[in-house]
Amino acid sequence: MADLSTLRDGWDLLEDEEIRLLRSLTVQESLSQLVQLQAAFEWQIQQTEALFGPARREALAELQSRLRRLVE
């Protein structure tokens, strides 16, 4: 098993690649991924509603606001 310092060595390159890939997605592709994640984690989302529901709704409102600004 690799130690933590070995795992950190290429982390910046990995983050740069992740950012590049995310920026290459269209809005439709991004929304599709969001819907897939929602479906995959729906059970957990329902189970943690009491703890995280308000924060999730706030984040969703922010996302909707950003999307509205994109199409204006």
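Going through region 11-56 one residue at a time, which ones are β-branched (Val, Ile, Thr) and not in a helix (DSSP H, G or I)?
First, the residues of region 11-56 that are β-branched (Val, Ile, Thr): 19, 26-27, 35, 45, 48.
The answer is THR26, THR48.
Scan region 1-23 for residues that are modelled with pLDDT of 90 or more and either aromatic (Phe, Trp, Tyr) or over 23 Å from GLN33 (Cα atoms) (or both) and report the count.
Within region 1-23, residues that are modelled with pLDDT of 90 or more and either aromatic (Phe, Trp, Tyr) or over 23 Å from GLN33 (Cα atoms) (or both) number 0.
Quick check on region 17-29. Is at least one of its residues surrounded by fewer than 11 Cβ atoms within 10 Å (Cβ to Cβ) and touching a residue at least 40 places away in the same chain (Cβ under 8 Å)?
The answer is yes; a qualifying residue exists.
Would you please list the contacts, defined by Cβ atoms under 6 Å and residues six or more apart or on different chains, that run from a residue in region 40-64 that is at pLDDT below 95 to a residue that is not aromatic (Phe, Trp, Tyr)?
As it stands, the answer is none, since no pair meets every condition given.
The values are calculated or read from the model by the stated rules, or taken from the named source; none is laboratory data. In this text, all values refer to a predicted model and were calculated from it rather than measured experimentally. Neighbour counts are summed over all protein chains in view; Cβ atoms, including those assigned to glycine, are modelled from backbone coordinates with ideal geometry.
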